[in-house]
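One structure is given here, and the rest of the page talks about it.
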Amino acid sequence: MTTAKSPRPETPSTYRSRLQMEGAERTILAPFAQKSGESRGRKYSEPSHAYRTEFQRDRARIIHSRAFRRLEYKTQVFLNGTGDHLRTRLTHSIEVASISRTIARALGLNEDLAEAIALAHDLGHSPFGHSGEEMLAECMSGHGGFDHNRQSLRVVDLLEDPYPDFPGLNLTFEVREGLKKHDVAYQFDDTLSGTNRGHDHKAAESRRLEIAQYRFPSLEAQIADLADEITYYSHDLDDAVDFQILTAGQLEENAVWRESDGRVRQRHPDAHEPDLHQLVIRDIIDIEVQDVVSSSAAAIAASGAGSADEVRLNGARLICYSRELRDRNSELRKFLYQNVYYHPRVAEVNQRACEMLRKVFEAYITSPDLLGDSAVRRIEAEGLHRTVCDYIAGMTDRYLMEEYERLVGTARVSGV
């Protein structure tokens, strides 16, 4: 007598392939979204992945990069290490990515592309926040200057080196385009020298000329740009309240805070600190995101753009605030500079830290052999000042202070 065998569970015969995902994008995303299957490719040709789109691969490469991990120890506004709950460049980038995905999803755009740009947008930021960026720019005066957006491109194009066959992360044109968010032109003359589309030099030249006419980046790149603003407007406020450098009276002077505070108190009359201000911050973000979604949807419809390239050729940015919120955000920006960024507890400590940066920079210029071996090897091609700039820009706050002690003196700067 034979015993009937219980049926074996069926093994899936296939997985969701890249081609299926690209097909889903063409069906689900808006006509003006940037589809991964229509990417202009990478500088160095690579075979496509079986079950990841090009922008999903870019996102993974960014997350796994050393530059991304170092963001954990780089200052956002308040010097890294001065508070357990204060933002760092890493948490800021993650928050920008979260808001970017929300806006992209609501507008029918490519979430993967918006997120990848958001995660990479600060990879080139110097230690010690914007004060550190200003000091590094001063050190590089007469030698090409320093801008953290351009530096982010240098990081992904050159300074990261996980692959043996090419320098950098070899990201797609569309992600790299998004990292140039503050530049007027979006020209990448070297991008199409060898793409996933092959090595047709006439076609590449035609595409290069087409790209040279672009006035603005993709909608996904524009989203990451505005999400960056929304994030630092709201979370710098949050950190400033936590750091106890803003009084209730000061906050009431600002319309963005005042209006959200009124809504929160109406909904939650029994709320008290520290929960109260966190509810206000949440309301500010929600109002900003809702405004961007509705205003951008109207602007896109009015533009008549029917493709990602028509967006790039449009006469104005299409991801935008309403005029009313734009004006209130302008006042909020002034408020943050007057009451937070230039507050003595922020500015004086950051300035002392930046003096450390300047002295370390000068020490390397005087004695280049103090640099790491890989940096020394780049001096001939990149020049001494740019090599030192790259090296310092990649440092965490902590490592720069350690280098200061090693190169300049054992005494820490008071308050740092």
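The values are calculated or read from the model by the stated rules, or taken from the named source; none is laboratory data. Since we're looking at a predicted model, the values are computed, not measured. So basically every Cβ, Gly included, is an ideal-geometry build from the backbone, and we count neighbours across all protein chains shown. Protein only, heavy atoms only, side chains kept; ligands, DNA and RNA dropped before computing areas. Shrake-Rupley method; radii C 1.70, N 1.55, O 1.52, S 1.80 Å.
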Filtering the range 252-280 for residues that are of a type outside the set (G, A, S) and buried (at least 20 other Cβ atoms within 10 Å of the Cβ) leaves a count of 7
Taking the condition among the aliphatic types (A, V, I, L, M), within 14 Å of the chain's Cα centre (by Cα), under 20 Å from S126 (Cβ atoms) and buried (at least 21 other Cβ atoms within 10 Å of the Cβ), does L90 pass? no
Does S126 qualify as being among the hydroxyl-bearing types (S, T, Y) and within 18 Å of A240 (Cα to Cα)? no
R378 within 30 Å of S39 (Cβ to Cβ), out of contact with any Phe, Trp or Tyr (no Cβ under 8 Å at 6 or more places or on another chain), assigned to a helix (DSSP H, G or I) and open to solvent by 40 Å² or more (accessible area, probe 1.4 Å): yes
Hey, does the range 316-324 have a residue that's touching a residue at least 60 places away in the same chain (Cβ under 8 Å), part of a helix (DSSP H, G or I) and either open to solvent by 10 Å² or more (accessible area, probe 1.4 Å) or of a type outside the set (D, E) (or both)? no
Just to be sure before I move on: is S295 over 28 Å from G83 (Cα atoms), hydroxyl-bearing (S, T, Y) and touching a Ser or Thr at 6+ places or on another chain (Cβ under 7 Å) in the structure I sent? yes
Picking from A137, A60, the residue that is out of contact with any helix residue (DSSP H, G or I) (no Cβ under 6 Å at 6 or more places or on another chain), open to solvent by 10 Å² or more (accessible area, probe 1.4 Å), closer than 17 Å to D390 by Cα and not basic (K, R) would be A137
Residue count, the range 274-308, condition acidic (D, E) and free of Cβ contacts under 8 Å to residues at least 24 places away in the same chain, comes to 3
Listed residues D190, D165, D183, D161; which is at pLDDT below 95 and within 24 Å of V77 (Cα to Cα)? D183
Which is touching a helix residue (DSSP H, G or I) at 6+ places or on another chain (Cβ under 7 Å), open to solvent by less than 30 Å² (accessible area, probe 1.4 Å), part of a loop (DSSP other than H, G, I, E, B) and of a type in the set (G, A, S), of G168, G144, G132? G168
Filter result (surrounded by 13 or more Cβ atoms within 10 Å (Cβ to Cβ) and basic (K, R)) within the range 334-365: R345, R352, R358, K359
Need pairs with beta-carbon distance below 8 Å; first residue under 20 Å from S330 (Cα atoms) and within the range 238-257, second among the small types (G, A, S) and buried (at least 20 other Cβ atoms within 10 Å of the Cβ); sequence gap 6+ or separate chains. L246/A240
Selection from the range 147-165 of residues that are of a type in the set (S, T, Y) and open to solvent by 30 Å² or more (accessible area, probe 1.4 Å): Y163
For the range 388-411, the count of residues that are closer than 23 Å to D157 by Cβ and buried (at least 21 other Cβ atoms within 10 Å of the Cβ) equals 7
Does I284 meet the test of being closer than 29 Å to F78 by Cβ and either touching a Ser or Thr at 6+ places or on another chain (Cβ under 8 Å) or surrounded by 15 or more Cβ atoms within 10 Å (Cβ to Cβ) (or both)? yes
Show me the helices (runs of 4 or more DSSP H) found entirely inside the range 4-112 where at least 1 residues are closer than 30 Å to H343 by Cα and out of contact with any Lys or Arg (no Cβ under 8 Å at 6 or more places or on another chain). 66-70, 89-106
